[in-house]
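All remarks here apply to the structure that follows.
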Amino acid sequence: AQTVTQSQPEMSVQEAETVTLSCTYDTSESDYYLFWYKQPPSRQMILVIRQEAYKQQNATENRFSVNFQKAAKSFSLKISDSQLGDAAMYFCAYWPGSARQLTFGSGTQLTVLP
Amino acid sequence: DVKVTQSSRYLVKRTGEKVFLECVQDMDHENMFWYRQDPGLGLRLIYFSYDVKMKEKGDIPEGYSVSREKKERFSLILESASTNQTSMYLCASSAFPGQGAGANVLTFGAGSRLTVL
């Protein structure tokens, strides 16, 4: 069974600083997708960034970027120039090409300090 | 601009009651999902459906059932609610894998907080 591990239940960062959230996963698949989702206090879960496993280039979306290490099965999220609106629960998720559903990690609660 | 709508944000039910959680999406997505979210456990898949009248069990289907009579609607049913089903329930939908840049991306509803007394 695939598993997704987020080893940091809580993290904090000073406004305007950079923070990295960790995620590791276990899989025997070669074709899969990885995601970071954000759940602000309002609870609507939204997609932050997506990475296809066959792409070597790390995905980037504005201040959000990933460090995808396929051999190490690691998929960390870097948030640059952190803003108060980045405070949320962040979930790492894995979707294998052979299945229809995602597996989520347990989440990391990010606090942004003014 | 609401795309996935969950019928109730907050519900309070009694043990043994039958509970219906409704979810409607307007994106013509094939796949729909029900997740349960608990602190420290992340999101756990209860059931999903990849077509009308089709359903598959997720990781924690016990005590739940689902119904998908129309493509846009996916209902979660608790036949006899119990206190250990107190939780946040999230509905989501996605296009069939491989269909465009949005494939494999889940769109979530706002969630339904269920309390069973």
So, for region A:3-109, what is the accessible surface per residue at a probe of 1.4 Å, expressed in square angstrom? 47 Å²
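What total accessible area, in Å², is buried where chains B and A meet, using a 1.4 Å probe and rounding to the nearest 100? Numbers along the way, then the final one.
On the way: alone 6380 and 6480 Å², together 10910 Å².
Summed over both sides, the interface buries about 1900 Å².
Need the full-extension length gain, residue A:109 to residue A:73, defined as separation in residues times 0.36 nm minus the C-alpha distance. One decimal, nm.
Working: separation 36, 0.36 × 36 = 12.96 nm, distance 2.18 nm.
That pair, residue A:109 and residue A:73, stretches by 10.8 nm at full extension.
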Accessible area (Å², 1.4 Å probe, nearest 10) - residue B:3: 90 Å²
With the label point 7 Å along the Cα-to-beta-carbon line of residue A:80 and a cut-off under 11 Å to each amide N, the hits in region A:24-67 are A:60-66
Short version: ³J(HN,Hα) in whole Hz for each residue of region A:25-41, in order, from phi by Karplus 6.51 cos²θ - 1.76 cosθ + 1.60 (θ = phi - 60°), x for Gly and Pro, what are they? 9, 10, 7, 10, 7, 10, 10, 6, 10, 10, 9, 10, 10, 10, 10, x, x
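Using the beta-carbon distance between residue B:77 and residue A:42 and R0 = 30 Å, what value does 1/(1 + (r/R0)^6) give for FRET efficiency, to the nearest 0.05? Can you show the working numbers first?
On the way: r = 27 Å, r/R0 = 0.89.
FRET efficiency, residue B:77 to residue A:42: 0.70.
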Among B:76, B:43, B:21: highest mean-square fluctuation, GNM of chain B, C-alpha pairs under 10 Å: B:43
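The values are calculated or read from the model by the stated rules, or taken from the named source; none is laboratory data. Because the structure is a prediction, the values reported are computed rather than measured. Cβ sites come from the backbone with ideal geometry, for glycine too, and all protein chains shown count toward neighbours. Surface areas here come from the heavy atoms of the whole protein model, side chains and all, with no ligands, DNA or RNA. Shrake-Rupley method; radii C 1.70, N 1.55, O 1.52, S 1.80 Å.
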